[in-house]
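These notes concern the structure reproduced below.
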Amino acid sequence: MENLTGEAHRPGRIEVVCGSMFSGKTEELIRRMRRAQFARQRVEIFKPAIDVRYSDEDVVSHDQKHIKSTPIESSSSILLLAEDIEVVGIDEAQFFDMGIVEVCNQLANKGVRVIVAGLDMDFKGVPFGPMPALCAIADDVTKVHAICVRCGALAYVSHRKVSSSKRVLLGEMQEYEPLCRECYQKALQEQPSPNTL
């Protein structure tokens, strides 16, 4: 229940925002963090150090909304850096180690509001890293959707347009496109088989 002070006086909890690329996950994370700042709460936002697409330090959405963050190599750093913080934001959680699940649990159990954003599936449509476990322990899960660039339906997955089998390949619209399930299946059939490359 929200009260007159907005986000204040709410118990520790975990909120997960997930979906495909270009669905507004980071934008929603930034929106929630800004509300907490407006409510004069002590906030800290973390992102994986490998994510330097728009900025080395800021968390930046595809539409260029941004917020200051702390880049980290390992999820265990969050516990060290989040002392006396009331709201913790974590962007691109799929890139973190599985320890992120226990970190989020520990924070929430101490009364911290934890807001996590990440890709729920990789480019092959396989659940990505710690995201399934984070969704399982979350108090609230919000699945956001991009729009399929081929037919305009709700997107299901981030289809990789470039040839690479690496699971982690940072990219934007040149490398990925959001597709619905039907268009994704068609795209897979259009791709040349590995034997013909």
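Amide H to amide H distances under 5 Å link residue 90 with 46, 115, 116, 117, where only residues 5 or more positions off or on other chains count and H is placed in the peptide plane. The heavy atoms of residue 84 present about 110 square angstrom of accessible area, all protein chains included, probe 1.4 Å. Between residue 136 and residue 42, the distance separating the two model label sites (each 7 Å from Cα on the Cα→Cβ line) works out to 3.3 nm. Residue-wise HN-Hα couplings along segment 129-144, as the Karplus relation 6.51 cos²θ - 1.76 cosθ + 1.60 with θ = phi - 60° gives them from phi, are x, x, 4, x, 5, 5, 4, 5, 8, 5, 6, 8, 10, 10, 9, 9 Hz; Gly and Pro carry x.
Quick check: with the 1.4 Å probe, what order do 81, 119 take by accessible area, largest first?
Numbers: 81 85, 119 20 Å².
Of 81, 119, the descending order of accessible area is 81, 119.
Couplings for segment 86-102, taken from phi via the Karplus curve 6.51 cos²θ - 1.76 cosθ + 1.60 with θ = phi - 60°, read 8, 10, 10, x, 10, 9, 6, 4, 4, 7, 7, 6, 5, x, 4, 5, 5 Hz in order; Gly and Pro are left as x. Taking amide hydrogens as placed 1.01 Å from N in the peptide plane, the amide H of residue 21 sits under 5 Å from those of 158, each at least 5 positions away in sequence or on another chain. In the assembled protein chains, residue 186 presents an accessible area of approximately 100 Å² (probe radius 1.4 Å). Backbone amide hydrogens, once placed in the peptide plane, bring residue 154 within less than 5 Å of 148, excluding anything fewer than 5 places away on its chain.
The values are calculated or read from the model by the stated rules, or taken from the named source; none is laboratory data. Predicted model, so just to flag it, every value in this text is computed and none were measured. Glycine also receives a Cβ, built like all others from the backbone with ideal geometry; neighbour counts cover every protein chain displayed. What goes into the accessible areas is simple: the full protein's heavy atoms, side chains included, and nothing from ligands, DNA or RNA. Shrake-Rupley method; radii C 1.70, N 1.55, O 1.52, S 1.80 Å.
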